[in-house]
Amino acid sequence: MAPKKEADEQLLVEAAQKDPSRFAQLYEANFERVYAYIAARIRHRDEAEDLTAEVFKKALAHLGRFEARGAPFAAWLYRIAANAIADHSREAQRAAEQREIPSSAPGIGSAEELEQAERRARLFRLVNALPADQRRVITMRFNEEKSVREIAQALGKSEGAVKQLQFRALERLRTRMAEQPGGAHA
């Protein structure tokens, strides 16, 4: 993280420690990366959303204990998220054992996994920046796993129009991802 950005982040943290209503800025700045980190490990969207909310609730409750120590605020949030995922996995394991269904706990997260979470967060931001019709098609196609036909029916468009919207959106996303730091692999 650049020194200016670190200083700005530290000022935000200090402001939120004094006035919890200022935590919203930290939440906004870090939500996507924390959600991406959790979503990569928790495959059910509702559970990932619940765990993300839990992470920020715990972060707000324990914000007074946060000390930068040279690490970014996001690193602290990742640690809270890793602990929440581990707790969730233990609970799921116990429930699975009670039902006699095997379950496996996800890992806490390597540097590579954190990098992947950052890439997903950038992608989420880029999808959110798409024009509304393209964003809706991408969301329905890849998040909701709907077919082109189902999307066309839901939106009252032809299948060809949906395919064109999807094509344009994917091209725009590829271009924007390539423009960001890290290039096409970002």
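The values are calculated or read from the model by the stated rules, or taken from the named source; none is laboratory data. Owing to the predicted nature of the structure, the values given are computational and were not obtained by experimental measurement. Cβ coordinates were reconstructed from backbone atoms using ideal geometry, including for glycine residues, and neighbour counts include every protein chain displayed.
Being part of a helix (DSSP H, G or I), farther than 26 Å from Leu26 by Cα, touching a helix residue (DSSP H, G or I) at 6+ places or on another chain (Cβ under 6 Å) and at pLDDT 80 or above is a description that applies to Ile138. Can you confirm whether the range 67-81 contains a residue that is small (Gly, Ala, Ser) and farther than 16 Å from Glu14 by Cα? Looking through the range 67-81, at least one residue is small (Gly, Ala, Ser) and farther than 16 Å from Glu14 by Cα.
Residue count for the range 6-62, restricted to those that are of a type in the set (Val, Ile, Thr), more than 13 Å from Trp76 (Cβ to Cβ) and either more than 19 Å from the chain's Cα centre (by Cα) or assigned to a helix (DSSP H, G or I) (or both): 2. Which ones in the range 125-134 are crowded, with 16+ Cβ neighbours inside 10 Å and part of a helix (DSSP H, G or I)? Those that are crowded, with 16+ Cβ neighbours inside 10 Å and part of a helix (DSSP H, G or I): Leu126, Val127, Gln134.
The set of residues in the range 136-172 that are under 22 Å from Arg120 (Cβ atoms), without any contact (Cβ under 8 Å) to a residue 24 or more places away in the chain and of a type in the set (Val, Ile, Thr) contains only Thr139.
Here's the yes/no breakdown for (1) in the same structural domain as Tyr78 (by TED's automatic domain parsing); (2) more than 25 Å from Ala48 (Cα to Cα); (3) of a type in the set (A, V, I, L, M, F, W, C):
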| position | (1), (2), (3) |
| --- | --- |
| Ala117 | yes, no, yes |
| Ile138 | no, no, yes |
| Arg141 | no, no, no |
| Glu150 | no, yes, no |
| Lys157 | no, yes, no |
| Ala161 | no, yes, yes |
| Leu165 | no, yes, yes |
| Leu170 | no, no, yes |
| Met177 | no, no, yes |
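Here are some conditions: (1) surrounded by fewer than 16 Cβ atoms within 10 Å (Cβ to Cβ); (2) over 16 Å from Ile80 (Cα atoms). Ala16 meets all but one. Which one does it not meet? Every listed condition holds for Ala16 apart from (1). When we screen Ile80, Ile38 for residues that are out of contact with any Leu (no Cβ under 6 Å at 6 or more places or on another chain), under 18 Å from Glu115 (Cα atoms) and modelled with pLDDT of 90 or more, the only hit is Ile80.
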